[in-house]
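Starting off with a structure, shown below.
What follows is calculated from the coordinates using simple rules that are stated; it is not laboratory data. As the structure is a computational prediction, the values presented were derived from the model and not from experiment. Cβ atoms come from the backbone with ideal geometry, glycine included; neighbour counts cover every protein chain shown.
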């Protein structure tokens, strides 16, 4: 019910006694008003209902890189500050670095790129790298002269492991340590892959493709030790099983590669033959291979049990070169654009989603990427400086280390 104002006091009656003296008002009462006083209404009987929770902007879980907690800023202010911070990050000088997490409204800590190891030689143009899991040594293949370099575990200076021209090789493409003390080196357009002892450099076996032309590019290993190899010019994926490797060692002669999966008539069939097709390849937990076409940017999944070939939807990796996989993450090096891409992969590659992108001129045309410990190692090919991508003079060749990506 409404609150009524207090009634005014009644006027005093006339009396024979003297009227009481009116009390003197305090100076503090000058601002009092004579209008009726209203009491503060009581609180409502029932509390207000809790607001309905807002839906999360990203209903699916996304792994992101977060930067240190800061006061909230507007999206435009956040974007501007991130761009300023990333563009001014110096890597061995004033190299511009920018990084983007592909999730709206997410902040990220800026990755860092620095030099990890020096590679001696003028015309190397490093292509691929691998790490021996038993020793921690790094091996780097040189496209420019066919040599293979070794960086000892924890070292920062490479030395020659296989000299230029070893076994007639003028180019070296993919290089991989198989976990059994052996080093596999593909020769690119010389159509071969050679297996060496990872300690002595002695040749163990040699394979060649069953075509008059083409080129073995990159390779990966399944959990049973089977090697899978790409050919950038012939639509095929080759395979070398442990039994085939043993037989080749016994024969001691060049052995034709087994065309495990022909790609003609599949989604990964080559539609052009003037450029690079399948390039990097990686084995994914659960029984699948992921391989990328450099020219088209398509990423393909190949089941190792059935050989089924499918296109990974929603992923485009133009200029894709080397790939590496670990613990549900796939990293790809996109050479011409100085870019690394990180993707999230479910078991058997049933689902693949692009997670983050890092672009930096400090990568110097990255051709291969390797996950080592908690960071990435990248070959800086400098193909655009006197190599296959353009004229010029390269600076000393190095490996890069990328932290925070």
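Just to be sure I understand the model, the point goes 7 Å from the Cα along the line to the Cβ. What's the resulting residue 393 to residue 241 distance in nm?
5.4 nm
If I stretch the segment between residue 403 and residue 336 completely, what's the gain in nm (0.36 nm per residue apart, minus their alpha carbon distance), one decimal?
Numbers: separation 67, 0.36 × 67 = 24.12 nm, distance 2.13 nm.
Using 0.36 nm per residue and subtracting the Cα-Cα distance, I get 22.0 nm.
Order 251-263, 322-334 from most to least packed using the mean count of other Cβ atoms within 10 Å.
By packing density, highest mean first, the sequence is 322-334, 251-263.
What is the gain in length, in nm to one decimal, between residue 306 and residue 351 on full extension, counting 0.36 nm per residue of separation less the C-alpha to C-alpha distance?
14.4 nm
Ok, one more. For region 85-403, what is the convex hull volume of the alpha-carbon atoms per residue, in Å³? Walk me through the intermediate numbers first.
Working: hull volume 40.1 nm³, N = 319.
Looking at region 85-403, the number lands at 126 Å³ per residue.
Find the centroid of the Cα atoms in region 269-330 and in region 365-395, then give the distance between the two in whole Å.
Value for the Cα centre distance between the two parts: 20 Å.
Right, another one. Using all C-alpha to C-alpha distances in region 107-226, build P(r) with 10 Å bins and read off the rounded percent in each one.
14, 45, 29, 10, 2, 0
Hey, another quick one. What length, rounded to one decimal in nm, is gained on full extension from residue 202 through to residue 180, with 0.36 nm per residue of separation minus their alpha-carbon distance? Intermediate results must be reported in sequence, preceding the final value.
Working: separation 22, 0.36 × 22 = 7.92 nm, distance 1.45 nm.
So the chain would gain 6.5 nm between residue 202 and residue 180.
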